[in-house]
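Before any comments, here is the structure.
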Amino acid sequence: MAVITYGQARKQGIPRSQLPGPVYKRLYQGGYTTMSSPDLAEWVRGARLFLPEDAVLSGLSALRTHGLVLGEDLPLTFVTTHPAPTRRRGLDVRTRSVLPAGPVAPAFDAYVEFVLDATFADAVAVGDALLRKKLLTTKQVDELSEVEHPAVRAAAKALREGAHSVRETKVRLALVVAGLPEPRLQVSLGDGQGVIGDVDLYYEKYGVVVEYEGDQHRTDKAQWNKDLQKYERLSAANFHVIRVTAQDLHDPKALVDRIHNALRSRGYRGRRPRFTARFLDLFEHSML
C-alpha cells in the first residue's frame, strides 16, 4: 500500500484536493495512505516519513509488533537521539542518548520504555502478559530488577508467571497492594473423583478460590456450562469460590473487602485491608 506526503503527491500529479478523499486516508498531518483501515504496520510506515533516520519503534507499540495483543495502535512510541524530535498527533517521540537495536526495539527494551510512564498496574499487567507469551524470560525479569529506574524495579518485583489475563493480574494487585496475602496462580484442584480443573487465584491455607470471569465465560454456552459444573464440584469439595467480573474492578475496594470477608470466614486473622493512596491510584489513568 502507498504512503505519501504532500510533496510526493505533488510530484505524482495528485491534486491536493484529493488528500484526503475517496482514495487517500489521512494518517498524520501531511501523510496519507491508500488503505481504508490502516493497520499497525501502515501507521508505522507513515510515521517514518516524518521521523529522524535513527528512530526506533519502542514501548507498547513495539510490543504489539512482537505479538502482544494489548492496547491501541495510537499513539505510536518512538525513541531517537535527535534533540528536537518530530511532534505530530498520534506520535510520541522521545529523545534518548542510547537507542536499542533495530528499527523495532527488542521486547525487553520496549518493555522498559513502556514502564517509564505507565501506571504500576499496567506495567505489571503487560509484564505478566509478556511472560505468558514467552516474550520475556525469568532471567530477564531478574535483569529488570537491576534497572536504575525505580518504576521498572517495582514492576519487576511484582511480575508473576501464570496470569492468564490483564484483569486477573489487576485482581491480584488489588489484593496485594491492600495488604492481603498474595494468592497462588493457576493451581490445579481436585476432589474424590479426580481433577476438577485449574483456578486463577487460590488461597491454599483457607480454601478460597478467586476466578476472573471474562466475557467468553458468559457468551460461550459450552464454556458457561463447563464453568457451572466446575464451580459445583469445587463447592461440594468445600472450596469457597468467588467469581469476579470486569464490573467488579470498577470498585476494587468493594472487591477486596469481599475477598477479605471470605478469608476471615475461613480462619484468616491477618491484618485488614488498607486502602492507601497507592491503592486508590492503582487503576487511575490505566490504558488497558
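Before moving on, here are some points about what is shown:
- In summary, strands (runs of 3 or more DSSP E) completely within the range 1-94 and bearing 3 or more residues that are at pLDDT 90 or above and closer than 22 Å to LEU288 by Cβ occur at 76-80.
- Here THR119 does not qualify as exposed (fewer than 14 other Cβ atoms within 10 Å of the Cβ) and of a type in the set (Val, Ile, Thr).
- Search result, residues across the range 96-116 that are closer than 17 Å to GLU161 by Cα and crowded, with 19+ Cβ neighbours inside 10 Å: ALA107, TYR111
- Among residues of the range 222-256 being aliphatic (A, V, I, L, M) and modelled with pLDDT under 95, the one that is farthest from THR169 (Cα to Cα) is ALA222.
- Test result for ARG278, farther than 17 Å from SER165 by Cα and either at pLDDT 95 or above or surrounded by fewer than 17 Cβ atoms within 10 Å (Cβ to Cβ) (or both): yes
- Apart from one condition, LEU131 fits all of (1) farther than 30 Å from ARG269 by Cα; (2) within 20 Å of the chain's Cα centre (by Cα); (3) part of a loop (DSSP other than H, G, I, E, B); the exception is (3).
- Within the range 95-110, tally of residues that are hydroxyl-bearing (Ser, Thr, Tyr) and part of a loop (DSSP other than H, G, I, E, B): 1
Listed here are the residues, each with its yes/no results for (1) among the hydroxyl-bearing types (Ser, Thr, Tyr); (2) more than 16 Å from PRO75 (Cβ to Cβ); (3) surrounded by fewer than 16 Cβ atoms within 10 Å (Cβ to Cβ).
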| residue | (1), (2), (3) |
| --- | --- |
| VAL3 | no, yes, no |
| ARG10 | no, yes, yes |
| GLY31 | no, no, no |
| SER37 | yes, yes, yes |
| TRP43 | no, no, no |
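The values are calculated or read from the model by the stated rules, or taken from the named source; none is laboratory data. Please read all numbers here as calculations on a predicted model, not as lab measurements. Here Cβ is always computed from backbone atoms with ideal geometry, including for glycine, and neighbour counts include all displayed protein chains.
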